[in-house]
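J.: Sharing a structure, written as structure tokens. Questions coming.
The values are calculated or read from the model by the stated rules, or taken from the named source; none is laboratory data. Bear in mind that the values here come from a model prediction, so they are computed numbers and not experimental data. In this analysis, Cβ positions are derived from the backbone assuming ideal geometry, glycine residues included, and neighbour counts consider all displayed protein chains.
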Amino acid sequence: MVQDTTNNSRLIKLTVNGVLYERKIEPRVTLVDFIRGELGITGTHVGCEHGVCGACTVIFDGQPIRSCIMLAVQADSHSVQTVESMSSGEQLHPIQQAFWENFGLQCGFCTPGFLLTVQDLLSRNPDPTDTEIREELSGNICRCTGYQSIIAAVKQAAIYMRQE
Amino acid sequence: MKPAPFDYYDPDSVEEVLDLLQQYGDDAKILAGGQSLGPLLNMRLSTPQIIVDLNRVADLEYYKSDGTGLRVGAMTRQSTLEDDTNLRTTQPILAASIPYIGHRSIRNRGTVGGSVAHADPAAEWPAIMLALDGTILIRNTTGTRTVDASDFYISALTTDLKPDEILVEIQLPNWVKTSGWSFIEFSRRHGDFAILGVATYLTIENRRCTKSRIAIIGGGPIPIRTSKAESMLIGETISDELLKDVSEQASKELDTDSDMHASADYRRYLASVLVSSALQEAAARAGESGGQ
């Protein structure tokens, strides 16, 4: 529970991964802190907290955004999807499968942001070149893999997605 | 929780926004896309008492071409313009420069008005506005006024906007078919703020340059045009020798300091190289499009 220290909370309603939530929240709470701290949905990670690393990427009204530099109150009456929306828990999403097969992660901290960014990339560009993949992923920072395995994973993911 | 406490208003009309600004003046900070203000709030470099969020003002999210040119509402997202393939022919420099703004997830949220009004000298929009002779439509409770981009940027992160005013629209004149342009940025990684960038715009008639604009990204505390270098081109035929002199002059007009990313000398050197390439490219494009 994110504590209200200023007594100016307001009631917000938003849909996260298809579920409607209603909470009272201080205006200064960021969207990512709300999702993790208030809703307990912790797949979204908080890295740099100033919009640089991409770890906190979520899908807001269908578009990837950085949830560490957006306020939770701004999501009132909107819809958010986090990495948890990609799979039911039984079977990996094809993009997750491709990351797993190609060692597209080691510690996994950056992975939720990468997965959602790749999902958006492949929806706009189903067969990206290496250069396009590098450009599109340049806003997501990974300190483990050296990115080569992530590029390979995205190319594999693109093949899986086109087969679907 | 990173930001300091503030009171939050998210009105859904421009009139309500203006009333709030009149009431709170300097205590209020406008939140547009939040891609610059968000980090500033999190780091508590900015601790406004009041935030007036424009994100529910649907009337500010539009863009349209009319007889005079392109008009873009302040809350139009960068990615909205990025995805419009028509702009590649109607405003080619715009189409070429928008992908340089941060990353896709930044452009999905970031707005045109926010970028123009934030006045970051390393940002793309202020340079585009300067290179294309853009104008800025401003409103307060008593009416509207327009300001030329070249008069809008006053000092570091400070514009001509008064505390009770908001930027409602930016306007770019119709693209002159026979003109040439170039947009070049140098940065370590794609999506980073440029160490230096250049936007150029030229019109050429009867082999002589009739109009020239050279706008520099990251060349000092405010977005600038190198006006002396620009005037050296007027009435002249573009030649390698001339471009060498013009680009050297442009680099002298920078008002730059050294920082962790680059020394002032390196930035000046980069400016002369990039201005020369950008003018060459602009002249070639002007030639291809019929400007001779």
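J.: With respect to A:CYS107, is the statement that it is away from every other protein chain (no Cβ under 14 Å) and farther than 30 Å from A:PRO27 by Cβ true?
T.: Numbers: away from every other protein chain (no Cβ under 14 Å): yes; farther than 30 Å from A:PRO27 by Cβ: yes.
When the stated conditions are applied, A:CYS107 passes them.
J.: Let me ask something else. Please work out which residue is surrounded by the most Cβ atoms within 10 Å (Cβ to Cβ), limiting yourself to the stretch A:61-101 and to residues that are facing another protein chain (nearest Cβ under 8 Å) and within 16 Å of the chain's Cα centre (by Cα).
T.: Checked the stretch A:61-101; the qualifying residue surrounded by the most Cβ atoms within 10 Å (Cβ to Cβ) is A:ARG66.
J.: So, one more: Does the stretch A:69-111 hold any residues that are in a helix (DSSP H, G or I) and not aliphatic (A, V, I, L, M), and which are they? Don't jump to the end; show me each part of the working.
T.: First, pick out the residues of the stretch A:69-111 that are in a helix (DSSP H, G or I): A:72-75, A:83-86, A:94-101, A:111.
Matches in the stretch A:69-111: A:GLN74, A:GLU84, A:SER85, A:PRO94, A:GLN96, A:GLN97, A:PHE99, A:TRP100, A:GLU101, A:THR111.
J.: For B:ASP133, indicate whether it is farther than 22 Å from B:GLY38 by Cα and among the charged types (D, E, K, R).
T.: Numbers: farther than 22 Å from B:GLY38 by Cα: yes; among the charged types (D, E, K, R): yes.
Yes; evaluated as a whole, the condition is true for this residue.
J.: A further question follows. For the stretch A:19-36, enumerate the residues that are β-branched (Val, Ile, Thr) and either touching a Gly at 6+ places or on another chain (Cβ under 8 Å) or within 13 Å of chain B (Cβ to nearest Cβ) (or both).
T.: A:ILE25, A:VAL29, A:THR30, A:VAL32
J.: Name, by its number, the condition in (1) in contact with a strand residue (DSSP E or B) (Cβ under 8 Å, 6 or more places away or on another chain); (2) at negative phi; (3) at pLDDT below 95 that does not hold for A:LEU39.
T.: Answer for A:LEU39: the failing condition is (3).
J.: Additional query: So is A:THR30 touching a residue at least 40 places away in the same chain (Cβ under 8 Å), within 17 Å of B:GLY102 (Cα to Cα) and β-branched (Val, Ile, Thr) or not? Even if it seems obvious, please write down each step before you answer.
T.: Details: touching a residue at least 40 places away in the same chain (Cβ under 8 Å): yes; within 17 Å of B:GLY102 (Cα to Cα): no; β-branched (Val, Ile, Thr): yes.
Spelling it out, it is not the case that A:THR30 is touching a residue at least 40 places away in the same chain (Cβ under 8 Å), within 17 Å of B:GLY102 (Cα to Cα) and β-branched (Val, Ile, Thr).
J.: Got a number for residues in the stretch B:215-244 being assigned to a strand (DSSP E or B), out of contact with any Lys or Arg (no Cβ under 6 Å at 6 or more places or on another chain) and of a type in the set (A, V, I, L, M)? Can you show your working first?
T.: To start, the set of residues in the stretch B:215-244 that are assigned to a strand (DSSP E or B) comprises B:215-217, B:224-225.
Next, only the ones that are out of contact with any Lys or Arg (no Cβ under 6 Å at 6 or more places or on another chain) stay: B:216-217, B:224-225.
With of a type in the set (A, V, I, L, M) added as a condition, the list becomes B:216-217, B:224.
Residues in the stretch B:215-244 being assigned to a strand (DSSP E or B), out of contact with any Lys or Arg (no Cβ under 6 Å at 6 or more places or on another chain) and of a type in the set (A, V, I, L, M): 3 in total.
J.: Whether any residue in the stretch A:3-11 is more than 10 Å from chain B (Cβ to nearest Cβ), modelled with pLDDT of 95 or more and buried (at least 19 other Cβ atoms within 10 Å of the Cβ) is what I want to check.
T.: no
J.: Got a sec? Which helices (runs of 4 or more DSSP H) wholly within the stretch B:1-86 have at least 1 residues that are away from every other protein chain (no Cβ under 14 Å) and out of contact with any strand residue (DSSP E or B) (no Cβ under 7 Å at 6 or more places or on another chain)? Explain how you work it out, then say what you get.
T.: Details: elements: B:14-24, B:37-42, B:78-82.
Of the helices (runs of 4 or more DSSP H) lying wholly inside the stretch B:1-86, those with at least 1 residues that are away from every other protein chain (no Cβ under 14 Å) and out of contact with any strand residue (DSSP E or B) (no Cβ under 7 Å at 6 or more places or on another chain) span B:14-24.
J.: Cβ-Cβ distance below 8 Å, separation of 6 or more or different chains: which pairs start in the stretch B:124-145 with a residue that is outside the structural domain of B:VAL198 (by TED's automatic domain parsing) and over 16 Å from B:GLU15 (Cα atoms) and end on one that is of a type in the set (Phe, Trp, Tyr) and outside any strand (DSSP E or B)?
T.: Filtered contacts from the stretch B:124-145: B:GLU124/B:TYR100; B:MET129/B:PHE152; B:ILE136/B:PHE152.
J.: Kindly establish whether A:GLY40 is among the small types (Gly, Ala, Ser) and either crowded, with 22+ Cβ neighbours inside 10 Å or not in a loop (DSSP other than H, G, I, E, B) (or both). If you could, list the steps in order and put the result at the bottom.
T.: Details: among the small types (Gly, Ala, Ser): yes; either crowded, with 22+ Cβ neighbours inside 10 Å or not in a loop (DSSP other than H, G, I, E, B) (or both): no.
Taking the combined requirement at face value, the residue does not satisfy it.
J.: Which one is surrounded by the most Cβ atoms within 10 Å (Cβ to Cβ), of the residues in the stretch B:219-239 that are in contact with a Ser or Thr (Cβ under 9 Å, 6 or more places away or on another chain) and at pLDDT below 95?
T.: B:GLY219
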